[in-house]
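*Asks:* To start, I am sharing the structure in question, which I have written as structure tokens.
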Amino acid sequence: MTARLVLDVGGTKMAAAVVAEDHSIVDRAVLRTPVAADAETLYDAAVFVLHAALAVAAVPVDALGVGCGGPMRWPSGEVSPLNIPGWRDFPLRDRLAEEFGLPTRLSNDAVCLTVGEYVLGNSRSVGNCMGMLVSTGVGAGLIIDGRLVMGASGNAGHIGHVVVEPDGPECRCGGRGCLEAVARGPALVQWAVAQGWRPPADGEADAVRLAESARAGDAVATAAFRRCGEAVGTALAGAVALLDLRTVALGGGVSRAADLLMPAVYDAFERHAGLEFVRRCRVVLASPDAGLVGAAALFDDPWWPAVTDLLEQRSTGADHGVRTPLL
């Protein structure tokens with residue numbers, strides 16, 4: 001059996017795994033992301049966790065698939081994730097390809113989540129779906145009519161930078177009132193602290209402690225998660241109306257606080273979903289391994305669109321006889 005090595009880079013953790021042909025996880029390793037570190041320290045952490053996954057796997061691997069937060073240059077794989085400031089135009093794909101000697105492809109982590117949900121069968125029957133990550137950043141991937149949508153620059157799906165509060169907080173993208181500025185984990189904590197919430201004496205002010213407080217009945221902590229959920233549900237209603245989606249799968253930190261967030265997500269979605277075709281969309285939780293499975297699937301048709309050849313040709317000036325696809 002030949003498998004694929006995969007890496008999922010997030011603002012909280014880096015997860016590596018070996019994924020079999022049947023989409024099962026053979027082995028995995030997880031490392032906390034040294035998010036405040038410089039570029040090379042971050043890269044060393046990524047290499048370490050990949051080697052850790054390989055060390056316990058008893059099967060050969062033939063390719064390396066990577067999911068990382070955006071924005072990024074696609075398909076060349078230079079990454080500038082807003083939630084990892086140490087990487088700006090970092091050539092992650094090329095560095096990993098050289099390091100491991102494997103064919104390497106890199107896409108947005110939310111795209112990988114979306115593809116993973118589809119190939120696992122959770123969204124396949126509907127053909128029009130979105131996978132959405134709500135964690136230290138907020139992003140999404142899109143499959144329309146059974147085809148992955150990448151957009152002109154490969155960055156389609158940045159729902160985190162849809163405005164949900166026009167006079168809301170400043171966002172790291174340079175805008176104001178973006179969904180990410182309201183709903184990402186650190187933003188929840190920042191808002192709650194500003195409203196007077198404090199973690200237990202021996203605890204850190206983070207989303208985990210905030211969730212514990214909310215479950216214990218703390219009013220401010222509860223309000224923070226409701227504010228987040230309402231922002232997510234509002235953005236989803238607009239996205240579904242624009243794209244006529246049938247399923248939206250939510251992953252990331254939301255899955256660990258679903259009991260706190262999802263009621264508010266559903267309430268806001270129903271409140272803003274006025275049209276019948278919008279109300280038909282199902283909002284569900286994503287499979288825990290969807291991002292890893294989707295990263296492995298980047299080497300399968302149609303999850304690495306043929307337009308990448310054209311983009312590579314344009315970026316290098318090379319002429320390999322690639323014809324412009326009729327879109």
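*Asks:* Applying the selection to the range 238-257, what residues are crowded, with 23+ Cβ neighbours inside 10 Å, of a type in the set (A, V, I, L, M, F, W, C) and assigned to a helix (DSSP H, G or I)?
*Replies:* Listed by number, the residues that qualify are Val240, Val254.
This table checks each residue for (1) assigned to a loop (DSSP other than H, G, I, E, B); (2) modelled with pLDDT of 95 or more; (3) crowded, with 21+ Cβ neighbours inside 10 Å; (4) not assigned by TED's automatic domain parsing to the domain that holds Val163.
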site: Leu236; (1), (2), (3), (4): no, yes, yes, no
site: Phe269; (1), (2), (3), (4): no, yes, yes, no
site: Ala296; (1), (2), (3), (4): no, yes, yes, yes
site: Pro302; (1), (2), (3), (4): yes, no, no, yes
site: Asp309; (1), (2), (3), (4): no, no, no, yes
site: Gly321; (1), (2), (3), (4): yes, no, no, yes
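*Asks:* Which of the numbered conditions does Leu142 fail, given that it passes all the others? Conditions: (1) aliphatic (A, V, I, L, M); (2) surrounded by 22 or more Cβ atoms within 10 Å (Cβ to Cβ); (3) in a loop (DSSP other than H, G, I, E, B).
*Replies:* (3)
*Asks:* Here's another thing I want to ask about it. Checking the conditions here, which among Pro75, Pro34, Pro85, Pro81 is in contact with a Cys (Cβ under 7 Å, 6 or more places away or on another chain), of a type outside the set (Gly, Ala, Ser) and not in a strand (DSSP E or B)? If you could, list the steps in order and put the result at the bottom.
*Replies:* Details: Pro75 fails: in contact with a Cys (Cβ under 7 Å, 6 or more places away or on another chain); Pro34 fails: in contact with a Cys (Cβ under 7 Å, 6 or more places away or on another chain); Pro85 fails: in contact with a Cys (Cβ under 7 Å, 6 or more places away or on another chain).
The unique qualifying residue is Pro81.
*Asks:* Note down all Cβ pairs under 8 Å where the first residue falls in the range 278-301 and is free of Cβ contacts under 8 Å to residues at least 12 places away in the same chain, the second is in a helix (DSSP H, G or I) and surrounded by fewer than 22 Cβ atoms within 10 Å (Cβ to Cβ), and they're at least six residues apart or on different chains.
*Replies:* Arg279/Glu270
*Asks:* If you don't mind, another one. Determine, yes or no, whether Gly217 is more than 22 Å from Gly177 (Cα to Cα), modelled with pLDDT of 95 or more and of a type in the set (Gly, Ala, Ser).
*Replies:* Values: more than 22 Å from Gly177 (Cα to Cα): yes; modelled with pLDDT of 95 or more: yes; of a type in the set (Gly, Ala, Ser): yes.
Answer is yes for this residue.
*Asks:* Can Ala231 be described as assigned by TED's automatic domain parsing to the domain that holds Ile143, closer than 16 Å to Gly139 by Cα, surrounded by 17 or more Cβ atoms within 10 Å (Cβ to Cβ) and within 21 Å of the chain's Cα centre (by Cα)?
*Replies:* yes
*Asks:* Looking only at the range 260-274, how many residues end up being without any contact (Cβ under 8 Å) to a residue 12 or more places away in the chain and hydroxyl-bearing (Ser, Thr, Tyr)?
*Replies:* 0
The values are calculated or read from the model by the stated rules, or taken from the named source; none is laboratory data. What you are looking at is a predicted structure, and each value in this text was computed from that prediction instead of being measured. Positions of Cβ are generated from backbone atoms using ideal geometry, with glycine treated the same way; all protein chains shown enter the neighbour counts.
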